[in-house]
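Working notes, structure below.
FYI, it's all coordinate maths here, none of it is from the lab. What you see is a predicted model; the values in this text were computed from it and never measured. Cβ atoms come from the backbone with ideal geometry, glycine included; neighbour counts cover every protein chain shown.
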Amino acid sequence: MTEERVLLITGASTGIGAETARQAVGRGWRVALGARSADKLDALAGELGEERALAHACDVTEWDDQEAFVAAAIERFGQVDAVFANAGFGAKRGFLEETPEQWRSMVLTNVLGAAYSIRAALPHFKERNAGHFLLTSSVAGRRALPGSLYSSTKWAVTGMGEALRQEVAETPIKVTLIEPGMVDTPFFDNPVDGGLKADDIARAGLYALVLFKQVTAYEILIRPINQPI
């Protein structure tokens, strides 16, 4: 069945975000693509068809960027039906690894970036009395990993999703946490063998988006069948 709904995606230039955009357009959605890499976004929009895809350079850690991204999507397509707050990156485990600057950037992107995505889209969703937030958390947001500040950021996203769910519980607005295990994408410098593909996560997110109005998949934990944690 063809759908003419609009999905806004942060972190859309590569990996899970880009594959979700491809899958969504293949199912009849229109997509607003946000990331810092304007050249990659433009290439993806060209691949998907500019009549169905909007490329908009966006740094999720900047409030003005996120607000402008949502506004641009509404101006182009007339509405936004779902927001996939997917932008994020990781770090080596160990509290003596990486640099303080890298930590700061990761925390701002993974946590504040997701919060800004919610804040930018929520007024539009409330005005329409409809909408769906997808938030990329992680299996690392369900259990602590040794020395992992990244895991801590994903615990924050998990808590954010529940806080948002409670805030909109008396409305038709939906919230879904997508919680991947090890994924074979550019997110990891040296991904392990047997990791999930971006396609696996994209299908899970789109499954949540097409459920009947009266139900929601609040948490989708998806990991390789042999991942031990």
Subject >> C-alpha long axis of helix 113-128 to longest principal axis of the chain, angle in ° >> reply: 20
**OP:** Any of LYS40/LYS197; LYS40/LYS126; LYS40/LYS92 with alpha carbons more than 24 Å apart? Name them for me.
**Re:** LYS40/LYS126; LYS40/LYS92
Original post:
How much space per residue, in cubic angstrom, does the convex hull of the C-alpha atoms of the range 6-222 take up?
Top reply: 114
Original post:
If you line up the long axis of helix 149-167 against the longest principal axis of the chain, both from Cα atoms, how many degrees apart are they, to the nearest 10?
Top reply: 40
**OP:** Along Cα→Cβ, 7 Å out, is where each label goes; now give me the distance between the ones at GLU67 and GLN102 in nm to one decimal.
**Re:** 3.3
Original post:
Packing-wise, with mean Cβ within 10 Å as the measure, how do 99-112, 18-31, 59-72 rank, highest first?
Top reply: 18-31, 59-72, 99-112
Subject >> Mean separation of Cα contacts under 8 Å (6+ apart) over length of the range 6-222, as relative contact order % >> reply: 20
